[in-house]
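Structure record follows, encoded as structure tokens.
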Ligand SMILES: *Cc1c(COP(=O)(O)O)cnc(C)c1O
């Protein structure tokens, strides 16, 4: 068994236990394997272990990996999610190659993705990233501005608004972390009460997926838990 296969089994077991603890059906929580910084071979290993949905943060790296997988595994049904902050001049390759974008946080980005989505491809599946804990340096729409953005994005052609994504700051304990995730769950329920048919609440990562599942997550995004630790972030440019 490969390390990635064993890691995937462990993450699925954590999800199973978290769902049992929360009284939820494990089929109600999907797993996105976040493959940023890992190469196409690592994605192949995860694919061989039954994982089909992958998340990428960086447009260039992600599009290259998507192309690599197309030639390595032309018959595989892969689903690619863009989960990193998006600049408006980088939307085109995302609209052309990804299946999902979870990090939409302003209308201009959504409009560009809508215009640039090639005819003939299925609608681009979209989540709005919401900044639930008002982290000053973080992307994400403020909760007060969310409903207006959601209603506008839901009207755009070639996009399908599926739900919300959030990345709260790490909290010191389970209850505090769960309460941060619950803020997103409240917003999600409010939007559905306003008539939007959202089905995706993307929250929870390697260190906090149990708290996210307890708060109603339907999609956890796990990187290190699946692929192992990432190299330290390079902060200086080249
Ligand atoms: C890197 C990343 C993840 C995965 O984080 P891990 O801690 O490795 O599980 C999930 N979501 C986003 C938006 C990320 O950037």
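Taking the conditions exactly as written (within 16 Å of the ligand (Cβ to nearest atom) and in contact with a helix residue (DSSP H, G or I) (Cβ under 6 Å, 6 or more places away or on another chain)), does residue 113 satisfy them or not?
Here the answer is no, as residue 113 does not meet what is asked.
Go through segment 189-238 and give me each residue that's within 8 Å of the ligand (Cβ to nearest atom), in a loop (DSSP other than H, G, I, E, B), surrounded by fewer than 21 Cβ atoms within 10 Å (Cβ to Cβ) and at pLDDT 95 or above.
If the condition is that a residue be within 8 Å of the ligand (Cβ to nearest atom), in a loop (DSSP other than H, G, I, E, B), surrounded by fewer than 21 Cβ atoms within 10 Å (Cβ to Cβ) and at pLDDT 95 or above, then 205, 206, 207 are the ones that fit.
Can you pull out every residue in segment 129-170 that is touching a residue at least 24 places away in the same chain (Cβ under 8 Å), part of a loop (DSSP other than H, G, I, E, B) and more than 18 Å from residue 100 (Cα to Cα)?
131, 132, 133, 135, 138, 168, 169, 170, listed by residue number.
Between a residue in segment 12-34 that is within 28 Å of residue 62 (Cβ to Cβ) and touching a residue at least 12 places away in the same chain (Cβ under 8 Å) and any residue that is more than 15 Å from the ligand (Cβ to nearest atom) and part of a strand (DSSP E or B), which pairs come within a Cβ distance under 9 Å, given they are 6 or more apart or on different chains?
The qualifying pairs are 32/79.
Looking only at segment 18-38, count how many residues are within 15 Å of residue 53 (Cα to Cα), part of a loop (DSSP other than H, G, I, E, B) and either in contact with a strand residue (DSSP E or B) (Cβ under 6 Å, 6 or more places away or on another chain) or more than 16 Å from the ligand (Cβ to nearest atom) (or both).
2
Quick one: would you say residue 178 is closer than 21 Å to residue 129 by Cβ, within 16 Å of the ligand (Cβ to nearest atom) and surrounded by 19 or more Cβ atoms within 10 Å (Cβ to Cβ)?
no
Mind listing whichever residues of segment 39-79 are in a loop (DSSP other than H, G, I, E, B), within 15 Å of the ligand (Cβ to nearest atom) and either free of Cβ contacts under 8 Å to residues at least 40 places away in the same chain or farther than 24 Å from residue 200 by Cβ (or both)?
57, 58 - these are the residues of segment 39-79 that are in a loop (DSSP other than H, G, I, E, B), within 15 Å of the ligand (Cβ to nearest atom) and either free of Cβ contacts under 8 Å to residues at least 40 places away in the same chain or farther than 24 Å from residue 200 by Cβ (or both).
For segment 197-211, give me each residue that is touching a residue at least 24 places away in the same chain (Cβ under 8 Å) and farther than 20 Å from residue 227 by Cα.
198, 199, 200, 201, 211
I'd like to verify a number: residues in segment 161-175 that are surrounded by 14 or more Cβ atoms within 10 Å (Cβ to Cβ) and more than 15 Å from the chain's Cα centre (by Cα), how many?
So the count comes out to 1.
Which members of segment 99-113 meet the condition of being surrounded by 18 or more Cβ atoms within 10 Å (Cβ to Cβ) and either farther than 21 Å from residue 55 by Cβ or touching a residue at least 60 places away in the same chain (Cβ under 8 Å) (or both)?
Hits for segment 99-113 are 100, 102, 103.
The values are calculated or read from the model by the stated rules, or taken from the named source; none is laboratory data. These figures come from a predicted structure and were not determined experimentally. Using ideal geometry, Cβ is built from the backbone for each residue, glycine included, and neighbour counts are taken over all protein chains shown.
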